[in-house]
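Structure first, commentary second.
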Amino acid sequence: MAKEDTTRMGESFVAQAKKLLGEDKVLGSAPYPGEIHLETGKDELPLLAVKMCRDWGFCLIQLLAADERETRGGFMLYYTFAHDLEKFSVTVGCPVGADQPLFPSITPDVPAAHWYEREIRDLFGLEPQGHPDTRRLALHKDWPKRVYPLRRDFPLGTEVPRTGGQFSFKQVQGEGVMQIPVGPIHAGIIEPGHFRFSAVGENIINLEARLFYTHRGMEKLGEGRTPEQGLLLAERICGACSFSHAAAYCQAVEKLGGVKIPVRAEFIRTVALELERLYNHVGDVGNICAGIGFAFGTMHGARLKEDLLQLNEKVFGSRFLRGINTPGGVRRDLSTASQALLSKTLTSLSGDFRELTEILLSTESYLDRVQGTGVLKQQVAADLHAVGPAARAAGIDRDARRDYPHEAYDRVSFKVPVYHRGDVLARVRVRIDEVFESVEIIRQAIALMPEGKIKAAVGPLTPSGYAMGITESPRGENVHFVMGGPDGKVFRHMVRSASYCNWPVLPTTVPGSIVPDFPLINKSFELCYSCLDR
C-alpha cells in the first residue's frame with residue numbers, strides 16, 4: 001500500500017473516530033504504509049472498539065500494555081484492530097494512570113479481548129473492570145499477589161517466593177458426571193498443559209485447559225536489547241515457526257529503523273516462509289493420523305517432513321530456518337544450485353504427497369474418524385479471532401499473506417483455500433491444499449527473484465515510536481509489536497502468536513465428542529505451548 005494511500009485512509013479514519021468520540025478526544029497519524037496510529041482516552045475506547053468491530057469491519061488482533069511511567073508518567077494500552085478487506089491496521093493507544101491502574105473491559109462486547117485483558121492484569125497489575133473471568137491466566141495461583149513481572153521496576157532475575165494455591169475449574173454438576181484430569185505432565189515428549197474433562201462415560205460435556213506452565217519471560221528479556229539481540233529471542237519463541245516470528249519482528253524493526261529491505265531479500269524471505277509452511281503442514285497431515293492410530297499416514301508424513309527439513313539445511317544451513325533473517329534483510333543468499341535443488345525436491349515431494357493424501361481421503365476408516373469431529377463453529381471462530389488453517393476450515397477467509405501483503409506476496413499469485421464444515425477433515429483439507437499452493441509460490445518466487453543486495457543498513461529505532469510486524473505462519477497470523485526506547489534499543493516487544501488466538505478456541509470444539517477423539521481434535525489444531533510460554 002502506497003504512503004499517500006495510507007495517509008488518505010488515515011485522515012478518513014481519524015475523521016470518523018473524531019466524529020464518533022469528539023474532536024478533542026482523538027489524535028491520529030499514519031506513520032507507515034498500511035498502519036494507522038491513534039490515541040484516545042481509556043473511557044472512550046470501548047465505544048470506538050465496539051463501533052470498529054460491529055459496524056466498520058475490523059477485528060481485534062492484539063492488545064498489550066506498556067509501562068511508560070518513566071517517560072509518560074503512567075501506563076499505556078495499545079489495541080490493534082485490522083481490516084482484512086481494506087488491508088490496513090489501526091493501533092489505538094490509551095493512557096492508564098499509575099494512581100488508578102484500571103481500565104474498562106471490552107470483552108463482553110469484543111470477545112477476542114478476553115485473554116489479553118487477563119494477561120495484562122497478571123503481568124502489569126492493571127485491572128480490566130467488568131471482565132467476566134477474574135481468574136489468573138499467565139500467572140498461576142502460587143504466584144504472590146501484587147508482584148507484576150512486566151513492570152519496568154521488576155528486576156530481571158528476581159527469585160519470586162511461591163505461596164501455594166489451587167486453580168479453580170468450573171464444575172459441571174449432574175448424575176454420572178465425572179472429572180477426567182489429563183496432564184500437565186504427559187506421556188509423550190511434549191510441553192506441559194492441563195486438561196480437565198467433564199464427561200458422562202466417554203461423552204465429553206465440557207473441557208477446560210490450563211496452560212502457561214513454563215512461561216519464559218522472553219518479553220522481559222527483550223527490554224533494553226539491541227535490535228540484533230532481540231532477533232535472537234524472536235526466532236526462539238517457537239521451534240516450528242521460527243522464521244515466521246523472526247520475519248515479523250524484523251518487519252517492525254525495519255519500520256522503526258526507516259529502511260525498506262532489498263527486493264531480493266523480500267523474495268528470499270518468501271521462499272523461507274513457504275518452506276516453513278511446507279514442512280509443518282506435511283508433518284501435521286501425518287501427525288493427525290497418529291491421533292487415530294493410522295500408522296501408514298503417520299510414518300509417510302514423518303518421512304516427507306524429514307525430506308523437507310534436510311532440504312532446509314542444504315539450502316539455508318538450518319533445518320528449522322534459523323539464522324537467516326536479520327534486520328534489513330537476510331544473511332543467506334539463494335545460489336543457482338540451491339534454486340535448482342529446491343525445484344527438483346519440491347517436484348518429487350508434490351508427487352509423493354499427492355499420492356499419500358489420495359490414499360488418506362479414500363480410506364473409509366480414516367474418513368469415519370475425521371468427518372464431523374471437533375467442529376469449530378464459524379461464529380465462534382469470528383468472535384475469538386481464530387486464525388490460520390483452523391479459521392479457514394471454519395469459513396473464515398483470512399490469510400495475512402493476502403490481507404496484509406508483506407515480503408514478496410503481492411508479486412506472486414496463490415489461492416487461499418476455505419472450507420466451511422469446521423471439522424478435523426476440513427482442517428486437513430486446508431493444509432493439503434496449502435501444500436500445493438506453497439510449492440507454486442516458491443516456484444514463482446525463484447522465477448521472479450531479481451539479482452541484487454540481500455541486506456540494507458537499518459537506522460536507530462525511533463525513540464518512543466512503535467510498529468507492527470505481521471506474518472502468516474503455518475499455524476496462522478503472527479503479530480509482533482516493537483517499541484523503541486530513548487537509547488535506540490528495544491523498549492517493549494510483545495509477541496502475539498497464532499496459537500495465542502487458537503488455544504481458547506480448542507475447548508469449544510470438544511463437547512459432544514468422546515474422550516478418544518480429543519487427541520485427534522488436538523492434533524488437528526497443532527497448537528504450540530511455546531508460543532504461549534513466551
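No value in this document is a laboratory result; all are computed from the given coordinates. Quick caveat: nothing in here was measured; it's all calculated off a predicted structure. All Cβ positions, glycine included, derive from the backbone under ideal geometry; neighbour counts span all protein chains shown.
How about Lys170: which lysines have a C-alpha closer than 20 Å to its C-alpha, ignoring those fewer than 8 places off in the same chain?
Lys141
Determine the alpha carbon to alpha carbon distance for each of Lys51/Lys87; Lys220/Lys255; Lys25/Lys145; Lys145/Lys377 and list only those over 27 Å. Don't skip to the end; give the middle numbers.
Details: Lys51/Lys87 18 Å; Lys220/Lys255 22 Å; Lys25/Lys145 35 Å; Lys145/Lys377 37 Å.
As for pairs spanning more than 27 Å Cα to Cα, those are Lys25/Lys145; Lys145/Lys377.
How big, on average over all directions, is the shadow cast by the Cα convex hull of the chain, in nm²?
Hull-based average projected area comes out at 24.0 nm².
Under a crude label model (7 Å from the Cα following the beta-carbon direction), how far is Arg152 from Ser343 in nanometres?
Going by the 7 Å Cα→Cβ label model, 5.4 nm.
For a quick check of your reading of the filter: which GluC sites (Glu not before Pro) in the stretch 438-534 sit in a DSSP loop and have no more than 11 other Cβ atoms within 10 Å? Intermediate results must be reported in sequence, preceding the final value.
Values: sites: Glu440, Glu451, Glu472, Glu477, Glu526; in loops: Glu451, Glu526.
Those satisfying the criteria are Glu451.
Write down the Å³ per residue value for the convex hull defined by the alpha carbon atoms of the stretch 366-469.
It is 135 Å³ per residue.
Just report the Cα centroid separation between the stretch 239-299 and the stretch 176-207, whole Å.
31 Å
Taking the highest mean first, how do the peptides 102-110, 158-166 order by number of other beta carbon atoms within 10 angstrom per residue?
Taking the mean over residues of other Cβ atoms within 10 Å, the ranking is 102-110, 158-166.
Over the chain, what is the relative contact order in percent, taking alpha-carbon pairs closer than 8 angstrom and at least six residues apart?
Details: 1055 pairs, mean separation 82.9, N = 534.
Computed value for the chain: 16 percent relative contact order.
Taking the simple approach of a point 7 Å from Cα along Cα-to-Cβ for both Asp109 and Lys19, what is their distance in nm?
1.8 nm
Relative contact order, percent, of the stretch 3-129 when contacts are C-alpha pairs under 8 Å separated by at least 6 residues?
21 percent
What do you get for Rg/Rh over the stretch 405-534 if you use C-alpha atoms and the Kirkwood form of Rh?
With Rg and the Kirkwood Rh in hand, the quotient comes to 1.06.
Using a cut-off of under 13 Å, list every residue of the stretch 280-300 whose amide N is near the label point 7 Å from the Cα of Leu361 along the Cα-to-beta-carbon line.
Counting only backbone N, you get no residues.
Cα centroids of the stretch 69-87 and the stretch 406-476: how far apart, whole angstrom?
About 25 Å separates the Cα centre of the stretch 69-87 from the one of the stretch 406-476.
Order of 366-375, 144-153 by packing, highest average Cβ count within 10 Å first?
By packing density, highest mean first, the sequence is 366-375, 144-153.
What 222 nm value per residue comes from the helices of the chain, counting each DSSP H run with n ≥ 4 as -39,500 (n - 2.57) and dividing by all residues, nearest 500 deg cm²/dmol? Kindly include the intermediate steps, with their values, before the conclusion.
Numbers: 17 runs with 206 residues, N = 534.
Dividing the helical sum by the residues of the chain leaves -12000 deg cm²/dmol.
I need the peptides 333-340, 484-491 ranked by packing, meaning the mean over residues of other C-beta atoms within 10 angstrom, with the highest value on top.
Averaged packing, sorted descending, gives the order 484-491, 333-340.
For the chain, with the dipole built from +1 on Lys and Arg beta-carbon atoms and -1 on Asp and Glu ones, taken about the Cα centre, which of Phe13, Pro184, Phe316 lies farthest toward the positive end?
Of the candidates, Phe316 comes out farthest on the positive side.
Say R0 is 22 Å: what FRET efficiency, to the nearest 0.05, do Ile180 and Gln371 get from their beta-carbon distance?
Once rounded, the FRET efficiency stands at 0.30.
Please get the size of the charge dipole for the chain, origin at its Cα centre, with Cβ charges of +1 on Lys and Arg and -1 on Asp and Glu, quoted in debye to the nearest 20.
Here the size comes out at about 740 debye.
Taking the Cβ-Cβ separation of Thr336 and Leu85 as r and a Förster radius of 35 Å, what is the calculated FRET efficiency to the nearest 0.05?
The formula returns an efficiency of 0.30 here.
How large is the translational diffusion coefficient of the stretch 166-270 in µm² per second when you combine the Kirkwood radius over alpha carbon pairs with Stokes-Einstein at 20 °C and 1.002 mPa s?
Value of D from the Cα-based Kirkwood radius: 121 µm²/s.
Give the calculated FRET efficiency between Arg69 and Gln166 to the nearest 0.05, with a Förster radius of 35 Å applied to their Cβ-Cβ distance.
The value I calculate is 0.55.
Could you give each residue of the stretch 370-378 its phi-based ³J(HN,Hα) in whole Hz, using Karplus coefficients 6.51, -1.76, 1.60 with θ = phi - 60°, and x for Gly or Pro?
Each residue of the stretch 370-378 in turn: 9, 6, x, 9, x, 6, 9, 6, 4 Hz.
Roughly what % of DSSP beta bridges within the stretch 3-129 run antiparallel, to the nearest 5? List each step's numbers first, then the result.
Details: 23 of 31 bridges.
Antiparallel bridges: around 75 percent, rounded to the nearest 5.
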